[in-house]
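Input: a single structure, listed below in structure tokens.
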Amino acid sequence: MTKAFKRLEGFCRLLIFAAFMILMGSVLLQVFSRTFLSTAPVWTEELTRFCLIFIAALGAGLALRSGDMVNVDLICESLPGRGPFVLRLVSAVITAGFALALLPAAWAYTAIGARQTAPSLGWRMDFIHASVIVLFVTLALWALLRVLEMLTSRHDGRPIPTSEDH
């Protein structure tokens, strides 16, 4: 199971990298066009916005895993005994619960997008709205993995730093 989550982490990172590269290309095209050409393509702003949405959606679960999400360590770590562990466990359960509870609403939101198109790109908006589903699924998966690792004593629930943080 750990290998599957490592692959998922790598896949999310790859998709974030791809979205960031597209975002950079779009911004560079916009800057170049505004500087050296008489008109700039209007679709670059929309594409940039869509890339940012997907970067956030794909990165939320990874941020939870690596500890880049906002934490209240000052309170949590000052508790006596097993208090910090219990609080981290409860927080992970609540995070997974909220993410799973919001999935039906995210699905309904995405379905509405099938009847809409992006103004300048002409893309169906359900593909863009699907980022909300991606957000809640990945957030729930990483939170549930944290719960599972804590309950099986494989991890204490503290954020797992990435290899760059060592």
TODO: Output the qualifying pairs, or none if there are none: Cβ atoms under 9 angstrom, residues six or more apart or on different chains, first residue in the range 103-129 and free of Cβ contacts under 8 Å to residues at least 40 places away in the same chain and acidic (Asp, Glu), second residue surrounded by 17 or more Cβ atoms within 10 Å (Cβ to Cβ) and part of a helix (DSSP H, G or I).
DONE: Asp126/Thr110; Asp126/Gly113
TODO: Could you pull out the residue among Arg88, Arg154, Arg158, Arg146 that is of a type in the set (D, E, K, R) and without any contact (Cβ under 8 Å) to a residue 24 or more places away in the chain?
DONE: Arg154
Open item on the list: I'm checking my understanding of the structure. Among residues of the range 142-154 that are over 12 Å from Arg65 (Cα atoms) and either in contact with a Leu (Cβ under 7 Å, 6 or more places away or on another chain) or not charged (D, E, K, R) (or both), which one is modelled with the lowest pLDDT?
Closed with: Ser153
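Condition check ((1) touching a helix residue (DSSP H, G or I) at 6+ places or on another chain (Cβ under 7 Å); (2) modelled with pLDDT under 90; (3) more than 25 Å from Ala4 (Cα to Cα)) across all residues:
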site: Ala101; (1), (2), (3): no, no, no
site: Tyr109; (1), (2), (3): yes, no, yes
site: Ala140; (1), (2), (3): yes, no, no
site: Ser163; (1), (2), (3): no, yes, no
TODO: Taking Ala140 as meeting all but one of (1) farther than 20 Å from Ala63 by Cβ; (2) touching a residue at least 12 places away in the same chain (Cβ under 8 Å), write down the number of the exception.
DONE: (1)
Task: Candidate set from the range 91-126 (those that are β-branched (Val, Ile, Thr) and farther than 27 Å from Glu46 by Cα); member that is surrounded by the fewest Cβ atoms within 10 Å (Cβ to Cβ) - done: Ile94
- [ ] For the range 118-130, indicate whether the set of residues that are out of contact with any helix residue (DSSP H, G or I) (no Cβ under 9 Å at 6 or more places or on another chain), of a type in the set (Gly, Ala, Ser) and in a helix (DSSP H, G or I) is non-empty.
- [x] no
Open item on the list: Against the conditions (1) exposed (fewer than 13 other Cβ atoms within 10 Å of the Cβ); (2) assigned to a loop (DSSP other than H, G, I, E, B), where does Arg158 fall short? Just the number, please.
Closed with: (1)
- [ ] Identify the residue in the range 33-63 that is surrounded by 12 or more Cβ atoms within 10 Å (Cβ to Cβ) and of a type in the set (Phe, Trp, Tyr) and, among all such residues, is farthest from Leu121 (Cα to Cα).
- [x] Phe54
- [ ] Consider Gly61 carefully, then state whether it is closer than 16 Å to Gly157 by Cβ, among the small types (Gly, Ala, Ser) and over 20 Å from the mean Cα position of the chain (by Cα).
- [x] no
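The values are calculated or read from the model by the stated rules, or taken from the named source; none is laboratory data. Only a predicted model underlies this, so the values are computations on that prediction, with no experimental measurement involved. A quick note on method: Cβ atoms are made from the backbone with ideal geometry, for glycine too, and the neighbour counts reach across all protein chains shown.
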